[in-house]
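Please read the structure below before turning to the comments.
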Amino acid sequence: MAIAMGEKGYELFLVARRKDKLEEVASEIKNAKVHLIVADVNDPKLSEIISKHTNDDLDILINNAGLALGREKVELGKFEDWQQMIDTNITANFRMVNIVLPMLLKKGGGDIINLCSIAGHYTYSGGAVYCATKHAVLAFTRALREETAGRNIRVMQISPGMVDTEFSTVRFKGDAKTAESVYAGMTPLVGEDIARMMMFMLEQPRHVVIDEIITMPQDQGSPTTVHRRSV
């Protein structure tokens with residue numbers, strides 16, 4: 001998404017924990033001014049960090065931090081994994097909106113896109129806590145849309161199915177073989193697909209709000225229904 005927005009000339013403030021990843025993305029952006037903010041969205045001082053770099057001057061929030069950890073059923077789940085998902089997927093997501101929304105209102109308008117998941121609409125065995133966090137994002141986004149109606153704030157959400165990113169590698173804690181098996185025999189979405197849809201949301205006339213896009217690869221029918229060709 002940063003690369004897609006950079007191609008349109010947006011000035012970008014990119015927030016992530018890993019400086020090397022930020023620099024890698026920035027190196028691919030040629031037509032825009034890019035500011036790198038090395039920070040963890042779970043840092044309680046995030047508001048001060050963001051304000052220091054942006055001078056409270058933002059127009060758009062792409063709120064995409066999130067992760068899943070493990071596929072154990074509840075009785076075998078690790079509470080520390082649950083806590084990390086809750087902290088990142090819920091608390092940090094909500095905190096980021098709390099930081100940026102006052103900036104947008106002060107300027108007289110802006111856009112927020114929350115990255116959710118089809119797990120915000122459906123549940124599946126082995127994903128109880130992850131699904132719960134994404135249901136929370138869905139509810140939060142809908143309530144925020146109600147609160148900001150008529151204030152020139154467009155609150156939007158995109159809920160993807162299977163996207164080939166670091167998601168599965170993180171979920172299986174670096175087990176590359178297991179992560180690769182998630183996408184075996186099928187064609188998943190990729191990050192560029194999601195970015196293209198989000199740019200479509202942003203480029204609508206101001207009076208048009210794409211409340212939500214739910215998107216899955218053609219090979220996926222639901223979180224647990226995936227067509228796989230022989231490999």
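We did not get these values from a lab; they are worked out from the coordinates using the rules stated. What you see is a predicted model; the values in this text were computed from it and never measured. Methodologically, a virtual Cβ is constructed for each residue, glycine included, from the backbone with ideal geometry; neighbour enumeration extends over all protein chains shown.
Which ³J(HN,Hα) values in Hz, rounded to whole numbers, follow from the phi angles of the stretch 69-80 under the Karplus curve 6.51 cos²θ - 1.76 cosθ + 1.60, where θ = phi - 60° and Gly and Pro get x?
10, x, 10, 6, 5, 4, 5, 10, x, 9, 4, 5
Let me check against my output: what whole-number percent is the relative contact order of the stretch 59-221, with C-alpha pairs under 8 Å and at least 6 apart?
Working: 248 pairs, mean separation 41.5, N = 163.
Value for the stretch 59-221: 25 percent.
From the phi angles alone, apply the Karplus equation (6.51, -1.76, 1.60; θ = phi - 60°) to the stretch 36-43 and give each ³J(HN,Hα) in whole Hz, x where the residue is Gly or Pro.
For the stretch 36-43, the Karplus curve yields 9, 10, 7, 7, 9, 4, 8, 5 Hz.
Please list the non-local residues whose amide H lies under 5 Å from the amide H of Glu212, H modeled 1.01 Å from N, same-chain partners needing a gap of 5 or more.
Long-range HN contacts for Glu212: Gln157.
Show me 215-221, 61-67 ranked by packing, highest mean number of other Cβ atoms within 10 Å first. Could the numbers behind the result be given before it?
Values: 215-221: 16.3, 61-67: 19.4.
Peptide ranking by packing, descending: 61-67, 215-221.
Which of the peptides 183-196, 103-116 is most tightly packed, and how do the rest follow, going by the mean number of other Cβ atoms within 10 Å of each residue? Present the calculation step by step, with values, prior to reporting the outcome.
Working: 183-196: 15.5, 103-116: 18.6.
Output ranking for 183-196, 103-116: 103-116, 183-196.
Add +1 for every Lys or Arg and -1 for every Asp or Glu among the other residues with Cβ under 10 Å from the Cβ of Ala92, and state the total.
Working: positive: Arg95; negative: Asp40, Asp43, Asp87.
In short, -2.
Once phi is turned into θ = phi - 60°, what whole-Hz ³J(HN,Hα) does the Karplus curve with 6.51, -1.76 and 1.60 give for every residue of the stretch 174-181, x standing for Gly and Pro?
x, 6, 4, 5, 5, 4, 5, 5
With the chain treated as a Gaussian network of Cα nodes joined by springs under 10 Å, which of Glu28, Glu147, Glu75 yields the largest mean-square fluctuation?
Largest GNM mean-square fluctuation: Glu75.
Test of understanding: what is the full-extension gain from Ala176 to Asp40, defined as 0.36 nm times their sequence separation minus their Cα-Cα distance? Mind showing how you got there, number by number?
Numbers: separation 136, 0.36 × 136 = 48.96 nm, distance 2.41 nm.
The span from Ala176 to Asp40 would gain 46.5 nm if fully extended.
Go through [x] 19.5, 59; [y] 17.7, 55; [z] 18.4, 62 and flag the label whose value is the computed Rg and Dmax of the Cα atoms in Å for this structure.
[y]
Under the rule of at least 5 residues apart or a separate chain, name every residue whose amide H is placed under 5 Å from the amide H of Leu61.
Asp111, Ile112, Ile113
Can you spot the lysines whose alpha carbon is less than 20 Å from Lys45's alpha carbon? Ignore those fewer than 8 places along the same chain.
By straight Cα distance, Lys45 reaches Lys19.
What is the total of Lys pairs in the stretch 59-221 with C-alpha atoms under 27 Å apart, excluding same-chain pairs fewer than 8 positions apart? If you can, show how the numbers build up before the last one.
Working: Lys73/Lys134; Lys73/Lys173; Lys73/Lys177; Lys78/Lys134; Lys78/Lys173; Lys78/Lys177; Lys134/Lys173; Lys134/Lys177.
Summing the qualifying lysine pairs gives 8.
Taking the chain as a Gaussian network, where each spring joins two C-alpha atoms under 10 Å apart, which residue of Val208, Val170, Val100 fluctuates the most?
Looking only at Val208, Val170, Val100, the biggest GNM fluctuation is shown by Val208.
When the helices in the chain are scored as -39500 (n - 2.57) per DSSP H run of 4 or longer and the sum is shared across all residues, what 222 nm value do you end up with, to the nearest 500 deg cm²/dmol? Kindly include the intermediate steps, with their values, before the conclusion.
Details: 9 runs with 91 residues, N = 231.
Helix contribution divided over all residues of the chain: -11500 deg cm²/dmol.
How much of the DSSP bridge set in the stretch 102-231 is antiparallel, in percent, rounded to the nearest 5? It would help to have the intermediate numbers written out before the result.
Details: 2 of 13 bridges.
Taking every DSSP beta bridge within the stretch 102-231, about 15 percent pair in antiparallel fashion.
Quick query: amide H of Val190 versus all other amide H atoms, modeled in the peptide plane; which residues come in under 5 Å with a sequence gap of 5 or more or a different chain?
Residues meeting the criterion, in which the H sits 1.01 Å from N, are Asp164.
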